[in-house]
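The values are calculated or read from the model by the stated rules, or taken from the named source; none is laboratory data. None of these values were measured; they are calculated from a predicted model. In this analysis, Cβ positions are derived from the backbone assuming ideal geometry, glycine residues included, and neighbour counts consider all displayed protein chains. Heavy atoms of the whole protein, side chains included, go into the accessibility calculation; ligands, DNA and RNA do not. Shrake-Rupley method; radii C 1.70, N 1.55, O 1.52, S 1.80 Å.
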Amino acid sequence: GESASDSENKRFAVVKKTIGYIRENYDKKLTLEALAEQAFTDKFSLSRSFKTVTGQTVVEYINNYRCDRAKELIRKGSPINEAAIQCGFNNMSFFTKTFLRKYRAFM
C-alpha cells in the first residue's frame, strides 16, 4: 500500500492543482464536481483534502479569492457591481454580504 506521506503528497498535489484552477477560472462558474474532475478525484475526497490542507472549504476559498480580486478592481475605480460580475459573483446581494463580512474595515 502507500505510506502516509505518499497519500499526504497526493492530497497536497490535488489541493494545489485545485487552487491553481480556481485562480485561473475564478471569473467563471465553478462547481465542486468540475473542480474534482480536473484534479482527477471525487468531490468528497476533494472537500476533505481541501479543508485539511487549507483550513477552508472549497467554497470559502473561492469566495475569498473572488472578494480579493473584486477588492482590487474596486480600489482601481471599478463600480462595485461590475467588479462583482467580473469576479464571478452573479448574485449581487450574496456578493455584498460576503464582501462586507470580509472587508467591513476596508469600506
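For this structure, a couple of remarks:
- In segment 28-107, Cα pairs under 8 Å separated by at least six residues give a relative contact order of 22 percent.
- Accessible area in the full protein assembly, largest first, 1.4 Å probe, for Phe40, Phe50: Phe40, Phe50
- Positive-end residue of Ile22, Phe50, Gln38, charge dipole of segment 11-61 with Cβ unit charges: Phe50
- FRET efficiency for Glu72 and Lys16, using Cβ-Cβ distance with R0 set to 25 Å, rounded to 0.05: 0.65
- Between the helical axis of 58-75 and the longest alpha-carbon principal axis of the chain there is an angle of about 30 degrees.
- At a probe radius of 1.4 angstrom, the accessible area of segment 1-95 per residue rounds to 62 square angstrom.
- Charge dipole (debye, nearest 20) of the chain; +1 at Cβ of Lys and Arg, -1 at Cβ of Asp and Glu: 480 debye
- Listed by chain and number, the aspartates and glutamates whose alpha-carbon sits under 20 Å from that of Lys28, ignoring those within fewer than 8 places in the same chain, are Glu37, Glu60, Asp68, Glu72, Glu82.
- Checking the Cα-Cα distances for Lys10/Lys102; Lys29/Lys97; Lys76/Lys97 against a 27 Å cut-off, the pairs over it are Lys10/Lys102.
- Accessible surface of the chain, 1.4 Å probe: 53 percent of it comes from carbon and sulfur atoms.
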